[in-house]
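The values are calculated or read from the model by the stated rules, or taken from the named source; none is laboratory data. For clarity, every value in this text was computed on a predicted model and none was experimentally measured. Please note: Cβ atoms are built from the backbone with ideal geometry, for glycine as well, and neighbour counts cover all protein chains shown.
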There are 4 protein chains.
Amino acid sequence: MEKENLSVPSSRKDANRNVHKIMEAAKVVFKEKGTEAKIEEIAEKAGVGVGTIYRRFVNKERLVWAVGMEIIEEIRDKQRIDVDLSVPADQKIRLILDEFLLLHHKYGQLHEMLITLSQDTPFGEEIRHILSDVLQVTIREGQEQGIFRNEDPEILEAFVLHIVNASLIKRLRSQMDVEDIPKTIADFVLKGLS
Amino acid sequence: MEKENLSVPSSRKDANRNVHKIMEAAKVVFKEKGTEAKIEEIAEKAGVGVGTIYRRFVNKERLVWAVGMEIIEEIRDKQRIDVDLSVPADQKIRLILDEFLLLHHKYGQLHEMLITLSQDTPFGEEIRHILSDVLQVTIREGQEQGIFRNEDPEILEAFVLHIVNASLIKRLRSQMDVEDIPKTIADFVLKGLS
Amino acid sequence: MEKENLSVPSSRKDANRNVHKIMEAAKVVFKEKGTEAKIEEIAEKAGVGVGTIYRRFVNKERLVWAVGMEIIEEIRDKQRIDVDLSVPADQKIRLILDEFLLLHHKYGQLHEMLITLSQDTPFGEEIRHILSDVLQVTIREGQEQGIFRNEDPEILEAFVLHIVNASLIKRLRSQMDVEDIPKTIADFVLKGLS
Amino acid sequence: MEKENLSVPSSRKDANRNVHKIMEAAKVVFKEKGTEAKIEEIAEKAGVGVGTIYRRFVNKERLVWAVGMEIIEEIRDKQRIDVDLSVPADQKIRLILDEFLLLHHKYGQLHEMLITLSQDTPFGEEIRHILSDVLQVTIREGQEQGIFRNEDPEILEAFVLHIVNASLIKRLRSQMDVEDIPKTIADFVLKGLS
DNA sequence: TATGAATGAGGCTTCATTCAT
DNA sequence: AATGAATGAAGCCTCATTCAT
């Protein structure tokens with residue numbers, strides 16, 4: 001599915017500048033309040049009128065999707081870099097998880113939004129695919145290297161993806177130093193994979 | 001915190017029958033739609049007027065809590081039985097996870113509700129405590145038996161609890177037979193613990 | 001209009017005892033909250049069920065009327081005693097005002113209720129008549145004694161009645177000692193009459 | 001307290017036109033039904049949607065305040081003109097009372113609303129102050145001119161203010177010609193002051 | 001007859017979406 | 001094209017009144 005289906009395209013530069021402002025504002029507000037965030041608040045933070053949002057995004061749902069997709073892509077881009085390194089698969093998993101955790105720190109509530117999106121919407125397939133891609137490649141790599149067990153990579157990937165979750169992190173934060181969390185999670189995941 | 005804080009108590013049979021009908025309807029509707037469920041819909045499904053719900057539950061939030069607590073207790077009761085068996089700790093973990101998964105199958109969206117509840121409400125502490133109790137005992141048991149590694153039991157328990165999650169299960173359902181899910185999850189968890 | 005029109009009559013003693021309990025409770029609650037008072041609160045204070053109130057008083061309005069009428073009659077009875085004394089009319093007015101103020105102290109918000117009742121309901125005529133009766137007699141007396149001016153007694157009486165008002169008293173309370181209020185009001189009224 | 005606290009300000013012409021329409025409609029409806037008036041009815045009479053009212057007035061209470069304040073100010077403005085005339089204090093009182101009575105005729109139930117407002121809300125102080133201001137100045141003037149007695153002006157003012165009351169006027173209307181009411185009230189008040 | 005649980009119309013308020021400027 | 005004011009359906013909750021026990 002193309003980006004054009006999410007935000008209405010325009011040839012004007014200022015219009016596209018607005019789309020960008022709206023997306024940035026939406027990220028900030030969705031991060032704090034999740035899908036409950038009000039359109040008006042996003043408009044205010046973006047410095048545009050609500051009407052402008054509706055000119056660019058057919059409805060609230062589409063804006064949510066658009067924001068979700070952008071983050072997904074941000075995630076993928078970072079992971080791509082990790083996956084191209086020449087280190088053992090378990091090292092890569094650690095790196096990928098680190099990226100994930102950074103993004104969680106950055107996007108808060110948005111993670112939940114993505115999970116919901118990936119389940120309930122027509123974009124689900126797309127989102128799942130993007131997120132899975134890099135992880136599965138790495139898992140297969142690990143299996144070939146004999147580091148990971150021979151379970152279906154898709155399934156292992158589902159576990160990994162699921163573990164890197166805002167609510168788990170929140171929970172762990174109350175029980176350990178924040179900087180230890182990535183290692184702890186990676187340890188658990190890698191044991192699960194082995 | 002006492003149950004009386006959740007539903008207004010009454011000595012009358014008919015009143016309590018209605019409380020029961022409301023709770024059952026709420027479970028069904030919450031299962032489908034989560035906290036977004038409308039009071040009117042619950043009332044209709046319960047076969048009572050909205051006023052009846054408000055007579056027994058101060059507001060919607062309290063009804064959510066009440067339903068949550070009841071499920072939590074249902075979970076605990078089942079787990080208690082497992083934990084008293086004389087089998088190795090890893091066996092118990094498998095059993096406990098089986099129970100969990102059955103309940104997830106039964107309660108759907110309600111799981112998300114519980115997670116949210118356990119984070120944001122005054123009942124959180126209580127809920128976390130109930131859910132943790134049995135698991136931690138078993139984890140400690142496993143550590144004494146030398147089956148599980150010596151990480152802080154609270155942290156291990158957080159992982160286990162987190163993995164048994166509606167969205168993971170939903171995801172796995174699209175990739176494997178439903179009856180295989182419990183074993184797959186248990187395998188992953190037990191590896192993570194070992 | 002007869003009392004029977006207000007509370008449904010009953011031959012049973014316990015029923016009449018309930019009417020009494022309800023009326024007393026209603027007075028207390030109306031005093032505090034005015035007509036906004038909830039039936040359930042009155043029932044609770046009376047120690048009866050709401051159903052019992054509705055058995056005796058067709059609806060809330062009738063209960064309000066009944067309470068109003070009873071107070072009106074209490075007022076009249078006290079005034080009757082004053083008016084039969086053999087003192088000059090201005091003395092009597094002072095005494096009558098004293099009674100009024102005592103009742104205001106006793107009944108608070110109910111005074112406003114009576115005012116409203118006397119204007120908007122079929123009982124208005126009756127209430128006005130009872131309240132006016134004694135005052136007008138005294139005013140006429142004063143006019144015959146040459147103490148009061150010869151304005152229409154009904155009109156003078158309207159002024160007197162109006163001045164003895166909960167909100168005025170409340171206001172004065174913030175500016176003078178409570179025990180001085182009756183005299184201050186009486187002074188003003190008597191000047192107005194002279 | 002500033003007007004901005006009552007209605008949300010806006011620089012747009014159409015918005016302010018609506019605020020005006022809402023206030024006018026509210027005056028009319030409050031006049032008839034007092035605070036019990038329904039928001040929907042006001043919206044309908046104003047020819048706007050309910051949402052429009054809520055865009056400008058945080059809640060119903062604020063709308064009541066806003067209407068109250070506007071009337072209070074209308075009263076004060078008229079009184080200011082009277083008080084600046086060079087006539088004896090008793091003449092001024094007559095004029096001020098005339099204004100009051102005109103406004104009562106115009107605003108009906110709203111008078112009760114103002115009384116309640118001046119007692120129970122954060123605006124009370126402000127309202128009392130505005131209403132008192134002019135009257136007290138005139139009373140003091142009369143005392144200096146030897147026309148009024150030397151009672152505390154605040155107290156005398158309380159009486160005057162209290163007498164000019166919707167319910168008294170309503171009552172008098174049933175007993176005399178409407179055009180005679182102002183004189184009758186003024187006569188009584190001035191006697192009370194002398 | 002007395003009880004209090006049940007009812008549901010009706011009120012307040014919110015917010016995604018539309019539309020006039 | 002951009003704005004933000006306007007809209008109104010829809011949700012939560014209250015409470016006078018009814019009705020089953």
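For this structure, a couple of remarks:
- Subset of the range C:117-138 [surrounded by 16 or more Cβ atoms within 10 Å (Cβ to Cβ) and outside any helix (DSSP H, G or I)]: C:PHE123
- Every condition in (1) over 16 Å from the mean Cα position of the chain (by Cα); (2) buried (at least 17 other Cβ atoms within 10 Å of the Cβ); (3) away from DNA strand F (no atom under 14 Å from the Cβ); (4) not aromatic (Phe, Trp, Tyr) holds for D:LEU85 except the one numbered (2).
- Yes/no for C:THR138 being of a type in the set (Ser, Thr, Tyr) and at pLDDT below 85: no
- Tally of residues being over 18 Å from the mean Cα position of the chain (by Cα), within 28 Å of C:GLU125 (Cβ to Cβ) and surrounded by 15 or more Cβ atoms within 10 Å (Cβ to Cβ) across the range C:11-28: 2
- Among the residues of the range B:182-194, those identified as at the interface with chain A (Cβ under 7 Å from one of its Cβ atoms) and not β-branched (Val, Ile, Thr) are B:PHE188, B:LYS191, B:GLY192, B:SER194.
- The range B:55-75, residues that are surrounded by fewer than 18 Cβ atoms within 10 Å (Cβ to Cβ), within 13 Å of DNA strand E (Cβ to nearest atom) and touching a residue at least 12 places away in the same chain (Cβ under 8 Å): B:ARG55, B:LYS60
- Residues satisfying the stated conditions in the range C:96-141, i.e. touching a residue at least 60 places away in the same chain (Cβ under 8 Å) and of a type in the set (Ser, Thr, Tyr): C:TYR107, C:THR116, C:THR121
- Note on the range B:168-181: among residues that are surrounded by fewer than 20 Cβ atoms within 10 Å (Cβ to Cβ) and part of a helix (DSSP H, G or I), the one that is nearest to the other protein chains (Cβ to nearest Cβ) is B:LYS170.
- The range D:29-54 - residue that is away from DNA strand E (no atom under 11 Å from the Cβ) and surrounded by fewer than 14 Cβ atoms within 10 Å (Cβ to Cβ) and, of those, farthest from the other protein chains (Cβ to nearest Cβ): D:GLY47
- Residue match in the range C:146-165 (condition: away from chain D (no Cβ under 12 Å) and aliphatic (A, V, I, L, M)): yes
- Residue check for A:LEU131: within 14 Å of chain B (Cβ to nearest Cβ) and out of contact with any Pro (no Cβ under 7 Å at 6 or more places or on another chain): yes
- One residue from A:LYS106, A:LYS60 being within 16 Å of DNA strand F (Cβ to nearest atom) and of a type outside the set (S, T, N, Q): A:LYS60
- Among the residues making up the range D:110-128, those that are over 20 Å from D:ALA25 (Cα atoms) and within 12 Å of the chain's Cα centre (by Cα) are D:ILE115, D:THR116, D:SER118, D:ILE127, D:ARG128.
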